[in-house]
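> If you scroll down you'll find the structure; I have some questions about it.
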Amino acid sequence: MSSPFTALLASLIRHRGVTGCMVVGASDGLIVDASLQTGVNGEAFAALSASLYRKAQRAARAAGFGEAGFFELDAERGHMCATGRNDLVLVVVSEPRLNVGLLRVEMLRALEAFA
């Protein structure tokens, strides 16, 4: 069964180093659709990324910056990137070698599917 996000997720998972991508609910962290490689704990990443995205949004507003457009968690063993719109968050999980700049451009362009 195909969702409105299937093609979008398929294009993101093809990037070298991406191990998972998903669309999650911003308020509850539940997976709407996902494309994950074996070994990626989608439920844990979905909940974590939604929580971090909400906190980044609140922090940006509190600092007077307006809405946060893109969130990146850069860690020793990988990246978690998130961007969202309309109570949905697009999340990508990757290995450390990922070209985050290119992925960021594609993720922000993909937000058009969330309209």
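The values are calculated or read from the model by the stated rules, or taken from the named source; none is laboratory data. These figures come from a predicted structure and were not determined experimentally. All Cβ positions, glycine included, derive from the backbone under ideal geometry; neighbour counts span all protein chains shown. To get the accessible areas, we keep the full protein, side chains included, count just its heavy atoms, and leave off ligands, DNA and RNA. Shrake-Rupley method; radii C 1.70, N 1.55, O 1.52, S 1.80 Å.
> Step by step: first the residues of the stretch 39-75, then only those that are open to solvent by 60 Å² or more (accessible area, probe 1.4 Å) and in contact with a Ser or Thr (Cβ under 9 Å, 6 or more places away or on another chain), then the one that is nearest to residue 111 (Cα to Cα). Which residue is that?
The residue in question is 54.
> With respect to residue 54, is the statement that it is over 19 Å from residue 12 (Cβ atoms) and either among the acidic types (Asp, Glu) or without any contact (Cβ under 8 Å) to a residue 40 or more places away in the chain (or both) true?
yes
> List every residue pair whose Cβ atoms lie under 7 Å apart, where the two residues are 6 or more positions apart in sequence or sit on different chains, the first residue falls within the stretch 7-18 and is under 11 Å from residue 110 (Cβ atoms), and the second residue, located anywhere, is of a type in the set (D, E, K, R) and part of a helix (DSSP H, G or I).
Every condition considered, the pairs that remain are 12/106.
> Residue check, residue 76 against (1) closer than 19 Å to residue 10 by Cβ; (2) at pLDDT 90 or above; (3) of a type in the set (D, E, K, R), all met but one. Which one?
(1)
> I'm trying to understand the selection: among the residues of the stretch 83-104, which are open to solvent by 80 Å² or more (accessible area, probe 1.4 Å) and either among the small types (Gly, Ala, Ser) or in a helix (DSSP H, G or I) (or both)?
Of everything in the stretch 83-104, those that are open to solvent by 80 Å² or more (accessible area, probe 1.4 Å) and either among the small types (Gly, Ala, Ser) or in a helix (DSSP H, G or I) (or both) turn out to be 102, 104.
> For the stretch 71-102, which residues satisfy the criterion of being in contact with a Pro (Cβ under 9 Å, 6 or more places away or on another chain) and not small (Gly, Ala, Ser)?
74, 76, 77, 79 - these are the residues of the stretch 71-102 that are in contact with a Pro (Cβ under 9 Å, 6 or more places away or on another chain) and not small (Gly, Ala, Ser).
> Does residue 56 fit the bill of being in a helix (DSSP H, G or I), among the hydrophobic types (A, V, I, L, M, F, W, C) and more than 16 Å from residue 16 (Cβ to Cβ)?
Yes: the conditions hold for residue 56.
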